[in-house]
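For reference, the structure is listed below as structure tokens.
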Amino acid sequence: MLFAFAGCFVAAAVLAQERPSPPASTDSVLSVETLGLEPTVGKSGDVVDATYRLRFRDMVREGREVMILEDRMAPERLPLAPFDAVGLDVQKQQTGDQHTWTFTYHVRVIGLNKGIVKLPSIAFYWLVRDLGQSVEKAEVRQTASAPLQFRYVSTITDEPVLDIRDDIELGSFARRATLFRVIAWIVAPLPLVAWVVSAGMALRRRRTPLAPVKRSIAREEPPDPLEPIAPTIRQARGRLRHEARALQDLAGAHGHADIPAQAELVRSLKRYLTAELPNLNPGDTARDISRHIQRQVTGGIRKEALGALAAILVDCQDELEQEVRRPTRDPLSEVQRIDAALAALHPSARWRDRVRQLLTRR
């Protein structure tokens, strides 16, 4: 009940501050200023003062006179429904050539339903006549005031000031907010640090080759001889560099590479590609390896380097199988391409390429 009464009182105070601005006068001789209601909130039957101020000049020196028709502004002659006018006080002042008349109407409202009611505009009648001219011959003018709002409530307290503030003190949480903010800035980067550490460990971890796919055998055959253990990437890279240098020496001395050196280069290329791509099958040909790189390997520097090695493997394999030397092949150029591909496939270069892929993926 106390909170409902407090809310009604606060709303009444807000409405009390929303007084309408006085309208502009339609004549430069006389102006009407609407000062407002006092009070703006009341109960049924309370007397409310509505104040208006009239200002006009003394025009006697000009041979004219301003007359206010006070009998037409009498309380009993004003249509102020739903208000009833019960009295009027007029204060007249003159400062130099300026006349100031203050009209204070005493009105009241009686009703059952609480709410906001409006006090209608009041028309002030006046005229300007020449000295010696009769009042009946002068033109009567009127200037209206602005309407006023009044909030009518069924009950209202007689105390002008109510102390309804709650005594509970909630305290200050500035230190706790600062502590949580510092903790948030410390905890926020931890997921990124954990991701970087795990990515580094994954790059350094040795990749175990997957078991080859077992194919169904239609008929019984003698067991295959045991295959040697697949070399690591580092061993395969060293062997490929060795065979590339041997091919380079032979090509520099004789102008071309012999068949055994080229066959060793083919085997070294296949071992290295198998070490780099554990998903390859042992029986895949050079063209199968090239297609696997184009379809399965993610785009980047690693894919380009593996594709270059697979292309060299395809050319060398075709030349060995056809036993026809191609005049367009240049062994020295192939050695340079092999060195460039191995440099791009170095662990440091692969790490930089993977970081670049992860960043561009975001």
| field | Sites A138 and K118 - FRET efficiency at Förster radius 35 Å, r taken between beta-carbons, to 0.05 | value | 0.60
| task | Just subtract the alpha-carbon distance of E304 and H242 from 0.36 nm times their residue separation and send over the number in nm, one decimal. | result | 20.1 nm
| query | Given labels modelled 7 Å from the Cα in the Cβ direction, how far is it in nm from R204 to E321? | reply | 4.3
| What ranking of R204, R77, R55 comes out by heavy-atom accessible area, probe 1.4 Å, highest first? | R204, R77, R55
| task | Starting from the Cα of K114, draw a straight line to each of the lysines and keep only those under 23 Å, dropping any in the same chain fewer than 8 residues away. | result | K43
| query | Given a Förster radius of 25 Å and the C-beta distance between L131 and R77 as r, what FRET efficiency does 1/(1 + (r/R0)^6) yield to the nearest 0.05? | reply | 0.30
| remark: Note: probe point = Cα of Q149 + 7 Å toward Cβ; backbone nitrogen < 12 Å; residues of segment 107-134 passing the test are 116-119
| said: Quick check: with the 1.4 Å probe, what order do L313, L35, L170 take by accessible area, largest first? | reply: L170, L35, L313
| query | Can you pull the semi-axes for segment 261-305, root of five times each eigenvalue of the Cα gyration tensor, sorted largest first, whole Å? | reply | 19, 12, 9
| message | Per residue, how large is the accessible surface of segment 42-95? Use a 1.4 angstrom probe and give square angstrom. | response | 59
| query | Which FRET efficiency value, to the nearest 0.05, is calculated for Q94 and L170 with the Förster distance at 56 angstrom and r the Cβ-Cβ distance? | reply | 0.45
| Dimensions in Å of segment 84-128 - Rg and Dmax from alpha carbons | 15.3, 49
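The values are calculated or read from the model by the stated rules, or taken from the named source; none is laboratory data. Computed from a prediction, not measured in an experiment: that's the story for all the values here. Glycine gets a Cβ as well: all are built from the backbone with ideal geometry, and neighbour counts include every protein chain shown. Heads up: the accessible areas ignore ligands, DNA and RNA and are worked out on the full protein's heavy atoms, side chains in. Shrake-Rupley method; radii C 1.70, N 1.55, O 1.52, S 1.80 Å.
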